[in-house]
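For reference, the structure is listed below as structure tokens.
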Amino acid sequence: MYPVVANVYVDSGKTSLLWAESHEVEVNDPSAPVPSIARTWNEEILQSIRIDFPDPAVHARNLFHVSVAMWDAWAAYDSTAVGYIRREDQSAANLAAARREAISYAAYRVLRFRYSKSVNASTSLALFDTRMEALGYPVETTTVVGDTPAAVGNRVAAAVLAWGETDGSREDTFYDDPSYAPVNDPLRIANSGTTLNDPNRWQPLRFTQAFTQNGLTTSRVQVFVGSHWGWVRPFALVPELTTYLDPGLPPQLGGEGDADYKQGSLDVIQFSSWLDPDDGVMIDISPKSKGLNSLGANDGTGHGLSPNPFTGQPYEEQWVKRADYGRVIAEFWADGPESETPPGHWNTLSNKVADDALTEKKFKGQGPVLGDLEWDVKLYFALNAALHDSAVAAWGCKRYYDYIRPISSIRHMSGNGILPEVPGLVEKITAESSANGERHAELVASGASIGDTAIYAWGGEPADPETEYTGSEWILGERWLPYQRDTFVTPAFAGYVSGHSTFSRAAAEVLTYFTGSPYFPGGLGSYTKEAGSLEFEYGPSTDVILQWATYYDAADEAGISRLYGGIHVPADDGPGRIMGAQAGIRAMNLAEKYYDGSILTEPIHANITKNGTDFVLQAWVVRGMYAKLQSSPNMVDWADLTSMERLFESNPSWDIESPAVSQFFRVVQKSKP
């Protein structure tokens, strides 16, 4: 092992040093398990995500495209599997060595291009180069000619990058979106209250100083990150009239769902009030009492006395302070313990599943045991396809409905006196409640007035988060802040639906199908948060071990963590889980067809509609394949009407002039041009 110094800067201009790290790259440690080459490159992209601007949708796309590059390179040497973007039929005397080299060049080229303009490009690119050097592959080998593994990998990478040039991501202009403008003026975090032009729409925040969750400086006025992402090309999603997997209109203040809108803000305040380590409330957070929710709900009561299916023993109770649990999950699920964003976090969790000695690497839990490389390339392909589709669907919904965040809705309703009163949680300040020694006395002493709305909630970030915690207290509703750093507060995009909920359920669906079981290896997954290791304030009071029996339980906890964190209302969470389930199942089902080659025999559906005096033929095909339109007077003699062209969408259409005599039409689909 040898150190690689990584200087991490706060902006692409590299004007100031934020921190310096020393990463150790494993080269030839005979005592350590040797990861597959796919796992090696997956770890490389995760490391780059951690030091880049935390844009979940962009990182989901990058994870997917790197996974596609590795899959296509692997499939080039398999007689059954079919590549997604680049399809080759290769052979090699040393199959393992050829795949290792082709995958490395494919992944390296995609990573180097994608992270060449990242916040810490010099660091990431140096790590990629170092990895290739350690593997023994010259980075100067750029040829795309011939059948060497390097040429195969370079061709695959070129095809993947070309595919991305037209996918709607706008990567050539740094993923910007000039078409979006918020309807509400920014909320000034330093001030009390807010003013909204529309209380159902997203409001950007204005900071005195702003940082991302991984410590990078960012714009003091939020810009909707990924507002155009609903138009990015997905993997398995099919077009709909509004937006992919449209969950319908969220609750509207003053309109349909008014009561649910108000209740959602009350729920968030309730969760916020539970973040007090001194309230004396203890809860059992083991699978015995947590989990088994129905899809989109928090109605589960746990696995009860049902035994762990692997050990045959009931799950052991684990009692902790409710506030410790709430604070731990709010931070753990925020961006992952190492700030790899939710898509990266689920890659990390999937890697832990793969590493577990109890994991039997059989696809769907059946058939032969797969080698580590086959397991990894197949799982990354399906998992990251599902996560990419989740980003497209969730961010499309965020843009389409442009829904408000809790910080704006709670402050708005508090300031206008329309937040429903709940004794002990939401109250109007009265002369009696603000009398000397009463619960609202300090608020009035600090400038509050009779009739203002007071809420009992977490009191904000303490002066010294390393040694202090705030707990819950009576505060003005107009000054409420979620359980986050006061230089971050809330992500820079609309609330509905929750990306965490969508990503997490999609990943859970893929892991369940791929492994053949909804259960973590051994029937129990876990993560330990040591006492005093929280970031936002001091805590937890003792070590807290998060536990999940199933992948679904973990995904649901990711969703509910955003309520504890004050980032989402329940209306953002449930529909996001439902959308994630659909995205995950569709992606997994489609990916399997590339595994077994059945994608090549996928039927084409088409219909013809009249358009004035002419016609339009629309087909439902496989993205990434090639197709041409033909006509025939007798269904025997076919003539080409178009040349073979790449299918970038799943529902292409062709205009057809009204024929002089009756004609038959067909779409011919092929895997290669």
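The values are calculated or read from the model by the stated rules, or taken from the named source; none is laboratory data. Predicted model, so just to flag it, every value in this text is computed and none were measured. For accessibility, only protein heavy atoms count, side chains too; no ligands or nucleic acids. Shrake-Rupley method; radii C 1.70, N 1.55, O 1.52, S 1.80 Å.
Could you tell me how many degrees, from 0 to 90 and to the nearest 10, lie between the Cα long axis of helix 258-273 and the main elongation axis, the longest principal axis, of the Cα atoms of the chain? On a 0 to 90 degree scale, this one is about 70. Accessible area of residue 528 (1.4 Å probe, protein heavy atoms only, ligands and nucleic acids ignored): about 70 Å².
Heavy-atom accessible area, probed at 1.4 angstrom with all protein chains present, ranks 474, 202, 638 as 638, 474, 202, highest first.
Report Rg(Cα)/(2.2 N^0.38 Å) for the range 369-490, keeping two decimals. Here the Cα radius of gyration is 1.63 times the empirical estimate. The translational diffusion coefficient of the range 546-673, from Stokes-Einstein at 37 °C and 0.692 mPa s with a Kirkwood hydrodynamic radius over alpha carbon pairs, comes to 178 µm²/s. Pairs spanning more than 25 Å between alpha-carbon atoms, out of 290/529; 398/593; 352/398; 262/398; 593/672; 398/428: 398/593; 352/398; 398/428. Taking amide H atoms as placed 1.01 Å from N in the peptide plane, the amide H of residue 187 lies under 5 Å from those of 205, 206, each 5 or more residues away in sequence or on another chain. Residues whose amide H comes within less than 5 Å of that of residue 550, counting only those at least five positions distant or on another chain, are 520 (H built at 1.01 Å from N in the peptide plane). Our Cα-only numbers for the range 41-89 put the radius of gyration and Dmax at 13.1, 40 Å. Percentage of Cα-Cα pair distances in the range 424-539 greater than 25 Å, rounded to whole percent? Tail of the P(r) past 25 Å holds 52 percent of the pairs. Per residue, the chain exposes an accessible area of 40 Å² to a 1.4 Å probe, with every protein chain left in place.
Using a 1.4 angstrom probe on heavy atoms only, work out the carbon and sulfur share of the accessible area of the chain in %.
Numbers: 13670 of 26960 Å².
Within the chain, the accessible surface is 51 percent carbon and sulfur.
Residue-normalised convex hull volume from the C-alpha trace of the chain: 179 Å³ per residue. Derived scalar couplings between HN and Hα for the range 611-624 equal 10, x, 8, 10, 9, 10, 9, 10, 10, 10, 10, 9, 3, x Hz in order, rounded to whole Hz, by the Karplus curve 6.51 cos²θ - 1.76 cosθ + 1.60 (θ = phi - 60°), x for Gly and Pro. Using a/c under 1.5 as the rounded threshold, could you call the range 171-225 rounded, prolate or oblate? The axes a ≥ b ≥ c are square roots of the C-alpha gyration tensor eigenvalues, and prolate needs a/b larger than b/c, oblate otherwise. In terms of gyration-tensor shape, oblate.
All Cα-Cα distances of the range 43-127, cut into 10 Å bins from zero to the largest, leave 18, 44, 26, 11, 0 percent in each bin in turn. All Cα-Cα distances of the range 192-256, cut into 5 Å bins from zero to the largest, leave 3, 11, 15, 16, 16, 16, 15, 6, 1, 0 percent in each bin in turn.
Quick check on the range 335-415: take the gyration tensor over C-alpha atoms, sort the square-rooted eigenvalues as a ≥ b ≥ c, and tell me if it's rounded (a/c under 1.5), prolate or oblate.
Numbers: a/c = 3.87, a/b = 2.49, b/c = 1.55.
Here the range 335-415 falls in the prolate category.
Express as a percent, rounded to the nearest 5, the fraction of DSSP beta bridges in the chain (both residues included) that run antiparallel. Given both bridge residues lie in the chain, the antiparallel proportion sits at roughly 95 percent. What is the distance in Å between the Cα centroid of the range 644-665 and that of the range 171-205? Taking the Cα centre of each part, the range 644-665 and the range 171-205 sit 43 Å apart.
Given Cα pairs under 8 Å that are at least 6 residues apart, what percent is the relative contact order of the chain?
Values: 1386 pairs, mean separation 101.4, N = 673.
Taking the mean separation of contacting Cα pairs over the length of the chain, I get 15 percent.
When the convex hull of the Cα atoms of the range 474-604 is projected onto a plane and the area is averaged over all directions, what value comes out in nm²?
Numbers: hull surface 46.1 nm².
Dividing the Cα hull surface by four gives the mean projection, 11.5 nm².
Sorted from longest to shortest, the spans of the Cα atoms of the range 280-331 along the three principal axes equal 32, 26, 19 Å.
With all pairs of different alpha carbon atoms counted, what Kirkwood hydrodynamic radius in Å does the range 279-387 show?
It is 16.7 Å.
Using only alpha carbons, the range 120-261 has a radius of gyration to Kirkwood radius ratio (Rg to Rh) of 1.11. The phi-based Karplus calculation (6.51 cos²θ - 1.76 cosθ + 1.60; θ = phi - 60°) puts the 3J(HN,Hα) values of the range 50-55 at 5, 10, 9, 4, x, 9 Hz, whole numbers, x for Gly and Pro.
Couplings for the range 172-188, taken from phi via the Karplus curve 6.51 cos²θ - 1.76 cosθ + 1.60 with θ = phi - 60°, read 5, 10, 6, 6, 7, 8, x, 7, 9, 9, x, 7, 9, 5, x, 7, 7 Hz in order; Gly and Pro are left as x.
With Cα atoms as the point set, the range 232-283 shows a radius of gyration and Dmax of 18.4, 51 Å. More than 21 Å apart: what percent of Cα pairs in the range 53-190 qualify? Everything past 21 Å amounts to 48 percent. The rule of thumb for compact globular proteins, 2.2 N^0.38 Å, goes into the C-alpha radius of gyration of the range 70-113 1.10 times.
Per residue, the convex hull spanned by the Cα atoms of the range 199-335 measures out at 221 cubic angstrom.
Less than 5 angstrom separates the built amide H of residue 286 from those of 318, all sequence-distant by 5 or more or on a different chain.
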